[in-house]
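The values are calculated or read from the model by the stated rules, or taken from the named source; none is laboratory data. Nothing here was measured: the structure is a model prediction, and the numbers come from that model. Cβ: placed from backbone, ideal geometry, glycine included. Neighbour counts: every protein chain shown.
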Amino acid sequence: MTPWMRWESPGSTRWLDAVYVKCRRGGRVASTAAVTAIGCVADGWRRVLGVDVVDTESYDTWLPQ
């Protein structure tokens, strides 16, 4: 299980999102998803719980490796 999946705090909320950026790979430019997990605790503070880069945003990319 990845750390962002284990993160718990009273009154906490987690958001998962991805933004697509152009990256050069093997001499080609490809659209790549930068996936971010963000947690917000009851006092309003937000924390970045994890960041990963994947080829495409899909159900399988959210699962632990």
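Pairs under 6 Å by beta carbon, first residue in contact (Cβ under 8 Å) with a residue 24 or more places away in the chain in the stretch 12-39, partner in a loop (DSSP other than H, G, I, E, B) and of a type in the set (A, V, I, L, M, F, W, C), six or more apart or different chains?
SER12/VAL41; GLY39/TRP7
Which strands (runs of 3 or more DSSP E) sit wholly inside the chain and have at least 3 residues that are out of contact with any Gly (no Cβ under 7 Å at 6 or more places or on another chain), modelled with pLDDT of 80 or more and surrounded by fewer than 11 Cβ atoms within 10 Å (Cβ to Cβ)?
Because the criterion is at least 3 residues that are out of contact with any Gly (no Cβ under 7 Å at 6 or more places or on another chain), modelled with pLDDT of 80 or more and surrounded by fewer than 11 Cβ atoms within 10 Å (Cβ to Cβ), the strands (runs of 3 or more DSSP E) in the chain that meet it are 13-25, 28-40.
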